[in-house]
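Reviewing the structure listed below.
What follows draws every value from the coordinates through simple rules; no lab data is involved. Here the structure is a predicted model, which means the values were calculated and not measured. With ideal geometry, Cβ positions are generated from the backbone for all residues, glycine too; neighbour counts draw on all protein chains shown.
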Amino acid sequence: KRASRSPWADPWIECDDHGAAQQIVVDGLKRRFDERLVQLMPRLKSGNPEQLEKLLQQQIRQHGASALLNSTLGQLLMRHGEWQQAAEALRAALKQRPDAYDYAWLADTLDKLHRPEEAAQMRRDGLLLTLHQDQRTT
């Protein structure tokens, strides 16, 4: 699920041309919403994360605050140390749909905010979710 592929931007990411990949993602999302492009955003390592955050905020206004958009925004905010905003976005994503990755990212964010008890609780919740999902698939 997290490793969703896009035939447009993936080759640029794999060739380490994150600037070109980011431009493809931005241009594509300006034309039409596509979850595959949103899922690529955390993999981009260009020098302009603000452009991606701004685009995500715009997508949230246009399409509503989905779990995917909130999670992606949280991941991008984490990347450059906006811990409180990242925590808020990840909490919003978790309210919409429980996800083990979001629990882990929120726990890391809470550690950075010096809230170890909450971080430990998020790790437990993520682990319980994973165990519960594993039981359903076996």
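The table below lists the values:
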item	result
FRET efficiency for residue 45 and residue 84, using Cβ-Cβ distance with R0 set to 30 Å, rounded to 0.05	0.80
Cut-off 13 Å between beta-carbons: net charge of the residues surrounding residue 95, Lys and Arg +1, Asp and Glu -1	-2
Residue 35/residue 61 FRET efficiency (R0 25 Å; Cβ-Cβ; nearest 0.05)	0.90
Residue 27 paired with residue 124, simple spin-label distance in nm, labels 7 Å along Cα-to-beta-carbon	5.0
Net charge, residue 62 excluded, C-beta distance under 12 Å - Lys, Arg +1, Asp, Glu -1	+3
Lys pairs under 26 Å by Cα in the chain, provided they are eight or more residues apart or on distinct chains	11
Dipole magnitude (debye, nearest 20) for the range 86-138, charges at Cβ of Lys, Arg, Asp, Glu	120
Residue-averaged 222 nm ellipticity for the chain, from DSSP H runs of 4+ at -39500 (n - 2.57), nearest 500	-23500 deg cm²/dmol
Extension gain from residue 54 to residue 100, taking 0.36 nm per residue of separation minus the Cα-Cα distance	14.0 nm
